[in-house]
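Visitor: Pasting a structure below so you can have a look.
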Amino acid sequence: MQSESARMSSAAEARYRIDAPNSQPRAVKVIALDAPSERVVKMLAERKWSRATFFTASAFGDAPKAGESFAGWLSDLAGRTKNLVEEVDAADLVVMVAAAGESAQAASIIGEACSLKRVMTTGLILGGADKSDEALSKTLSHLRPWALMLVVASAEEYVEDMLRALRA
Amino acid sequence: MLRKEQNDLLTQTGPGTPMGKMFRLSWQPALLASELPENECPPVRVKLMSERLLAWRDTQGNYALTDEFCAHRGVSLWFGRNEENGLRCPYHGWKYDHTGQCIEVPSEPTESGFCKKIKLKSYPLVERGGVLWTYMGPPEMQPPLPEWEFAVVPADRSFTSKRLQESNWLQAMEGGIDSSHVSFLHSGELNKDPLFKGSKGNQYNMGDMKPVFEVVESPGGLYIGARRNAEHGHYYWRVTQYVLPAFTMIPPRADHPVHGHFWVPIDDENCWAWSFDYKVTRPLSEHELTAMHEGKGIHNEYVPGTFRPRQNKDNDYLIDRAAQKRGDTFSGVYGIAMQDASLQESMGPVVDRTKENLVSTDNGIIMARHRLLRALKAMEKGEIPPGIAREHQQCRSAAVVLPPDQPFKEAAKEALVVQAGKEHATV
């Protein structure tokens, strides 16, 4: 007689895997940290998504001031100011997108809000292959303390591939 | 998740498929050299990328990898007589040389030259590092012989095994770059397995169960860095290498041999899990070799006379529920290789990736699929896929402690490529 594992791992049995949704859509907030990544995020925002929403923190300068309020650190792609803490609070995942060589200092403010609300963060650095190690290092050093997962990608298409893979 | 058409694209490797073309453009391990131990030894059936082949070794020692079936009536030449520089079909005596050329058709007049019109498909088969490698792509695109470090160190410094895995190649390979499962599935082995235990790195591993991952593209594929806290604010990094399409190398631990895998499709529902261990500057010790032969580390025990693991789906992988409950092993299955294989085979022959829910820590897997899909697109435009160039094969995994602000790709630059005469960077 065949073992349980032998029977159940066959191609024939695979057909009986329940065909019903096994997850609810995740709310993913995608935030551009600088002007070059804002361009990428804007293109992405024009496509169809389940529960992904797109923001920018690129207009808020390089160095956040100590003790500054979280409010006002974020805007949607139309330029309307958004409340960072509220947005993070409604997120399952926050994805921060930065271009290699750009300052990603806004990551600290966003990351702190995510830490406060216990929300998972992912950092994506684009164009790592074209920039010097020093330039990449600068961006990395700002993102690393605040991203629980970091990816250095050479192709912009990776952002979309990753979001689709995560069912965003 | 992947859409169905993407999943099909990556998992199907038969003749004429894009992924099959990618595999066929590089040298793949076909069988162990020990499977053809002497001239005129019995032939061995080999199925690769859904092609049924026969490996054999003629009177002069030439290796052959030819179509398994006689061109006459389709008899399997596995039954053939390996004699006088050729393989003779036992049915009507047709004989083939190591290139697949028919050299005798006894029923036809020799003068007719009929046999010259018969040739079996054949592929080159060469020995390197105790492995017989084949190239199944267009002859004009055949690359130089493989330069993976484990295959070019002296023979006494390297050990390679293979096992049958009853699943598609991709779900097996993805296990090789899924660094976040180690702290769970293999947690019972780190301090017990003779080929893993006793490293300082294990303390970091067990002391920080929530590693942070960084995935960085490399010329040949990916570096997958797992970062854990070390002393004085430093980070302990374990950097896994993935080289397209199917090579993975695990970071070392202390002075143990370094190991890794090739995941080679047999057909779309089975693959060979090739497992290698090696040291650069010293022979493997008796103790290490004994452990490897006994199935420790990333190796496994076998059903005698086969390459099927002793623990397999027909015996429920000998799962020990009491050991699972006691915490001896996390899953109840013994051995690192079979802990992985049991779960990967349980997904079914080809996992339906439309149903999966990946999370952020799966970015290594997401990026590997992205690189494969990107490489397939580029290949269709005539580009050579990653993993074929010599410099892509000259890679190493590494375990290092680094200051907190440094990109591991930069700080461990030397450690991530072959350094002649130097061991791997290890902790």
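The values are calculated or read from the model by the stated rules, or taken from the named source; none is laboratory data. The shown structure was predicted, so the numbers you read here are calculated from the model rather than taken from an experiment. In this analysis, Cβ positions are derived from the backbone assuming ideal geometry, glycine residues included, and neighbour counts consider all displayed protein chains.
Visitor: Of everything in the range B:77-94, what is without any contact (Cβ under 8 Å) to a residue 24 or more places away in the chain and either touching a Cys at 6+ places or on another chain (Cβ under 7 Å) or at negative phi (or both)? Give them in sequence order.
Guide: Residues satisfying the conditions are B:F79, B:R81, B:R88, B:C89, B:P90, B:Y91, B:H92.
Visitor: Report yes if some residue within the range A:56-63 is surrounded by 15 or more Cβ atoms within 10 Å (Cβ to Cβ) and either at pLDDT 95 or above or within 14 Å of chain B (Cβ to nearest Cβ) (or both); otherwise report no.
Guide: Checking the range A:56-63: at least one residue is surrounded by 15 or more Cβ atoms within 10 Å (Cβ to Cβ) and either at pLDDT 95 or above or within 14 Å of chain B (Cβ to nearest Cβ) (or both).
Visitor: Based on what the data block shows, is B:L164 within 14 Å of B:A273 (Cβ to Cβ), of a type in the set (A, V, I, L, M, F, W, C) and not in a helix (DSSP H, G or I)?
Guide: Judged against the criteria, B:L164 is a match.
Visitor: Determine the pairs where a residue that is of a type in the set (S, T, N, Q), located within the range B:416-427, has a partner that is surrounded by fewer than 15 Cβ atoms within 10 Å (Cβ to Cβ) and not in a helix (DSSP H, G or I) with Cβ atoms under 8 Å apart, the partner being 6 or more residues away or on another chain.
Guide: Every condition considered, the pairs that remain are B:T426/B:A254; B:T426/B:D255.
Visitor: Could you run through the range B:292-319 and say how many residues are within 14 Å of another protein chain (Cβ to nearest Cβ) and either free of Cβ contacts under 8 Å to residues at least 60 places away in the same chain or among the charged types (D, E, K, R) (or both)?
Guide: Summing the residues that are within 14 Å of another protein chain (Cβ to nearest Cβ) and either free of Cβ contacts under 8 Å to residues at least 60 places away in the same chain or among the charged types (D, E, K, R) (or both) in the range B:292-319 gives 11.
Visitor: Can you pull out every residue in the range A:79-110 that is within 14 Å of another protein chain (Cβ to nearest Cβ) and at pLDDT 95 or above?
Guide: Answer for the range A:79-110, where residues must be within 14 Å of another protein chain (Cβ to nearest Cβ) and at pLDDT 95 or above: A:A91, A:D92, A:L93, A:V94, A:V95, A:M96, A:V97, A:A98.
Visitor: For residues that are of a type in the set (S, T, N, Q) and buried (at least 18 other Cβ atoms within 10 Å of the Cβ), scanning just the range A:114-153, find the one that is farthest from the other protein chains (Cβ to nearest Cβ).
Guide: Only one residue tops the list, namely A:T139.
Visitor: Further question: Just for the range A:154-165: of the residues that are more than 15 Å from B:L222 (Cα to Cα) and more than 10 Å from the chain's Cα centre (by Cα), which one is farthest from the other protein chains (Cβ to nearest Cβ)?
Guide: A:E156
Visitor: Could you tell me which residue of the range A:10-40 is farthest from A:A168 (Cα to Cα), considering only residues that are among the acidic types (D, E) and at the interface with chain B (Cβ under 10 Å from one of its Cβ atoms)?
Guide: Among those that are among the acidic types (D, E) and at the interface with chain B (Cβ under 10 Å from one of its Cβ atoms), it is A:E13.
Visitor: Now a separate question. In the range B:130-155, what count of residues is obtained for those that are assigned to a helix (DSSP H, G or I) and surrounded by 20 or more Cβ atoms within 10 Å (Cβ to Cβ)?
Guide: Residues that pass the stated criteria total 3.
Visitor: In addition: Show me the helices (runs of 4 or more DSSP H) entirely contained within the range B:328-427 in which 2 or more residues are farther than 30 Å from B:R163 by Cα.
Guide: B:363-380, B:408-411
Visitor: Residues that are in contact with a helix residue (DSSP H, G or I) (Cβ under 7 Å, 6 or more places away or on another chain) and more than 13 Å from every other protein chain (Cβ to nearest Cβ): does the range B:208-217 have at least one?
Guide: Yes, the conditions are met somewhere in the range B:208-217.
Visitor: Here's a follow-up. Only one residue in B:R374, B:R396, B:R369 is under 28 Å from A:E134 (Cβ atoms), modelled with pLDDT of 95 or more and facing another protein chain (nearest Cβ under 8 Å), so which one is that?
Guide: Sole residue among the options that is under 28 Å from A:E134 (Cβ atoms), modelled with pLDDT of 95 or more and facing another protein chain (nearest Cβ under 8 Å): B:R374.
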